[in-house]
Amino acid sequence: GNSVTQMEGPVTLSEEAFLTINCTYTATGYPSLFWYVQYPGEGLQLLLKATKADDKGSNKGFEATYRKETTSFHLEKGSVQVSDSAVYFCALSFFGNEKLTFGTGTRLTIIP
Amino acid sequence: NAGVTQTPKFQVLKTGQSMTLQCAQDMNHNSMYWYRQDPGMGLRLIYYSASEGTTDKGEVPNGYNVSRLNKREFSLRLESAAPSQTSVYFCASLLASYNEQFFGPGTRLTVL
């Protein structure tokens, strides 16, 4: 079956540090890939997505590139802020079957 | 435009009690979903509904039932709650043209 493996957390960084959260997937075929973010006390919201190999999704300074050869979709940000503290979920789905398969989530805490 | 709304926000049940979690969306989306979120396990799909009048099981349907009352509303029922159903429950709906799911704020359920 399909699965998503995320970097274990929690991750704690200082403000303005560089962020990478690793995500790899196992799937038959070519899924769409997503990063969702969950701020404290809220539901999930889409951060960015990519639908085919070599696509780069970006939003709010975050980026992730769909790498088919390594089945990866790592999340990066050049300079994190305290407001980026949240839980980040990597996920996949297939066109025509929009059920999402999620990773376990990575809790990110940014300290001033 | 409220998006996806869920009631209640919090609930405590005793083992064997029943309850219904309510979800509504005002975005005219066809597909709706129920997930549960447990520590270290990400989100897992309980049931989904691709359109009004249809429902299908997800990854963890045992102990739950759903009703797609109309296009707006999708409820989740626990007939006889068990401590293993202690979790945070999220409802979501799908913007199909963008393949993006919109999530409600969640219901935190504790079963004693």
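The values are calculated or read from the model by the stated rules, or taken from the named source; none is laboratory data. Here the structure is a predicted model, which means the values were calculated and not measured. Note: ideal-geometry Cβ built from the backbone for every residue, glycine included; neighbour counts use all protein chains shown. For accessibility, only protein heavy atoms count, side chains too; no ligands or nucleic acids. Shrake-Rupley method; radii C 1.70, N 1.55, O 1.52, S 1.80 Å.
From the residues in the stretch B:1-21 that are aliphatic (A, V, I, L, M) and either in a loop (DSSP other than H, G, I, E, B) or within 14 Å of chain A (Cβ to nearest Cβ) (or both), which one is nearest to B:Pro105 (Cα to Cα)?
Filtering first and then ranking leaves B:Val4.
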Any residue that is farther than 23 Å from A:Gln45 by Cα, at pLDDT 95 or above and assigned to a strand (DSSP E or B) - is there at least one of those in the stretch B:75-91? yes
Looking only at the stretch B:92-110, count how many residues are more than 7 Å from every other protein chain (Cβ to nearest Cβ), open to solvent by 10 Å² or more (accessible area, probe 1.4 Å), touching a Leu at 6+ places or on another chain (Cβ under 9 Å) and in a strand (DSSP E or B). 2
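With respect to B:Glu79, is the statement that it is open to solvent by 30 Å² or more (accessible area, probe 1.4 Å) and within 13 Å of the chain's Cα centre (by Cα) true?
Details: open to solvent by 30 Å² or more (accessible area, probe 1.4 Å): yes; within 13 Å of the chain's Cα centre (by Cα): no.
Spelling it out, it is not the case that B:Glu79 is open to solvent by 30 Å² or more (accessible area, probe 1.4 Å) and within 13 Å of the chain's Cα centre (by Cα).
Looking only at residues that are within 14 Å of another protein chain (Cβ to nearest Cβ) and surrounded by fewer than 20 Cβ atoms within 10 Å (Cβ to Cβ) in the stretch A:103-112, which one is farthest from A:Glu42 (Cα to Cα)? Reasoning before the result, please.
Step one: list which residues in the stretch A:103-112 are within 14 Å of another protein chain (Cβ to nearest Cβ), which gives A:103-107.
Subsequent filtering for residues that are surrounded by fewer than 20 Cβ atoms within 10 Å (Cβ to Cβ) retains A:104, A:107.
Details: A:Thr104: 17, A:Arg107: 14 Å.
Across the stretch A:103-112, the extreme among qualifying residues is A:Thr104.
Okay, residues lined up against (1) within 12 Å of another protein chain (Cβ to nearest Cβ); (2) open to solvent by 50 Å² or more (accessible area, probe 1.4 Å); (3) within 28 Å of B:Ser97 (Cβ to Cβ):
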| position | (1), (2), (3) |
| --- | --- |
| A:Ser3 | yes, no, yes |
| A:Thr12 | no, yes, no |
| A:Gly29 | no, no, yes |
| A:Leu46 | yes, no, yes |
| A:Lys60 | no, yes, yes |
| A:Arg67 | no, yes, yes |
| A:His74 | no, yes, yes |
| A:Ser83 | no, yes, no |
| A:Cys90 | yes, no, yes |
Hey, could you check the stretch A:31-44 for residues that are touching a residue at least 40 places away in the same chain (Cβ under 8 Å) and over 14 Å from A:Leu75 (Cβ atoms) and say which is most open to solvent (accessible area, probe 1.4 Å)? A:Pro40
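I need a count of the residues in the stretch A:92-102 that are polar (S, T, N, Q) and either without any contact (Cβ under 8 Å) to a residue 40 or more places away in the chain or away from chain B (no Cβ under 14 Å) (or both). Full working, then the answer.
The first filter runs over the stretch A:92-102 and keeps only residues polar (S, T, N, Q), leaving A:93, A:97, A:101.
This time we only want the ones that are either without any contact (Cβ under 8 Å) to a residue 40 or more places away in the chain or away from chain B (no Cβ under 14 Å) (or both), so: A:97.
Within the stretch A:92-102, residues that are polar (S, T, N, Q) and either without any contact (Cβ under 8 Å) to a residue 40 or more places away in the chain or away from chain B (no Cβ under 14 Å) (or both) number 1.
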Subset of the stretch B:10-53 (residues that are loosely packed, with under 11 Cβ neighbours inside 10 Å and charged (D, E, K, R)): B:Lys14
